[in-house]
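First up is the structure itself, then whatever we jot down about it.
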Amino acid sequence: MWWLFALLSAIFAALTSILAKIGIEGVNSNLATAIRTVVVVGMAWMMVFITHAQTGISEISRKSWIFLILSGLATGASWLCYYKALQMGEASKVVPIDKLSVVITLALAFIFLHEQFTVKSAIGAVLITAGTLVMVL
């Protein structure tokens with residue numbers, strides 16, 4: 001079932017890029033990111049309350065809090081940079097470069113999470129990188 005959510009994530013991410021490119025015209029990229037973030041926060045809390053997950057807040061460990069906050073800061077930085085790039089460049093070039101995050105994630109997962117980096121992973125990373133270069137050059 002995880003693959004269905006991953007596919008839906010990709011579809012919604014694609015829609016995000018197109019809708020943002022249209023919506024950001026004439027709007028400061030930081031302001032646009034803030035507006036988007038408010039909507040995301042509202043949706044996330046709505047889902048928390050719909051699924052009655054709010055009772056789990058008190059059970060979150062200190063370590064989890066720290067890493068969730070750091071992840072949120074990284075997300076914010078990513079979104080701010082993404083919107084600025086999207087405002088300045090073509091979506092068809094910005095998005096492939098943004099998706100190099102897949103390759104970077106593979107490397108970071110190997111280094112910090114000690115996940116397996118196989119020949120298949122290496123070939124995929126090289127192909128993603130090559131495909132990105134072909135698309136943007």
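Each reported figure results from applying straightforward, stated rules to the coordinates on display, with no laboratory input. Values in this document were obtained by computation on a predicted structure and should not be read as measured data. Neighbour counts run over all protein chains shown; Cβ positions are idealised from the backbone, glycine included.
Mind checking which helices in the chain clear 24 Å along their axis (Cα) and have mean Kyte-Doolittle hydropathy of -1.0 or more, DSSP H runs only?
Counting only whole DSSP H runs, the qualifying helices are 2-23, 29-50, 62-88, 119-136.
Taking the Cα centre as origin and putting +1 on Lys and Arg beta-carbons and -1 on Asp and Glu beta-carbons, what dipole magnitude results for the chain, to the nearest 20 debye?
Values: 8 positive and 5 negative charges, 19 e Å.
In total the dipole reaches around 100 debye.
Could you give the length gained by full extension between residue 43 and residue 117, i.e. 0.36 nm per residue of separation minus their alpha carbon distance, to one decimal place? Don't jump to the answer; show the numbers that get you there.
Working: separation 74, 0.36 × 74 = 26.64 nm, distance 3.49 nm.
Length gained between residue 43 and residue 117: 23.1 nm.
For an R0 of 30 angstrom, estimate the FRET efficiency from the Cβ-Cβ distance between residue 129 and residue 54 and round to the nearest 0.05.
Once rounded, the FRET efficiency stands at 0.15.
Between residue 31 and residue 136, 0.36 nm times their residue separation minus their Cα-Cα distance comes to what?
35.1 nm
I need the per residue convex hull volume for region 24-137, using only the alpha carbons, in cubic angstrom as a whole number.
In region 24-137, the Cα hull volume divided by residue count equals 141 Å³.
With each run of n ≥ 4 DSSP H residues scored as -39500 (n - 2.57), what mean residue ellipticity at 222 nm is computed for the chain after dividing by its residue count and rounding to the nearest 500 deg cm²/dmol?
Calculated mean residue ellipticity at 222 nm is -27000 deg cm²/dmol.
For residue 93, go through the aspartates and glutamates and keep the ones whose alpha-carbon is under 19 Å away, minus same-chain ones fewer than eight residues off.
25
Could you work out the pair-distance distribution P(r) of region 2-89 from its alpha-carbon pairs, with 5 angstrom bin width and percents rounded to whole numbers?
3, 11, 16, 21, 21, 15, 9, 4, 1
Starting from the Cα-Cα distance between residue 13 and residue 100, subtract it from 0.36 nm times their residue separation and give me the gain in nm to one decimal.
29.9 nm
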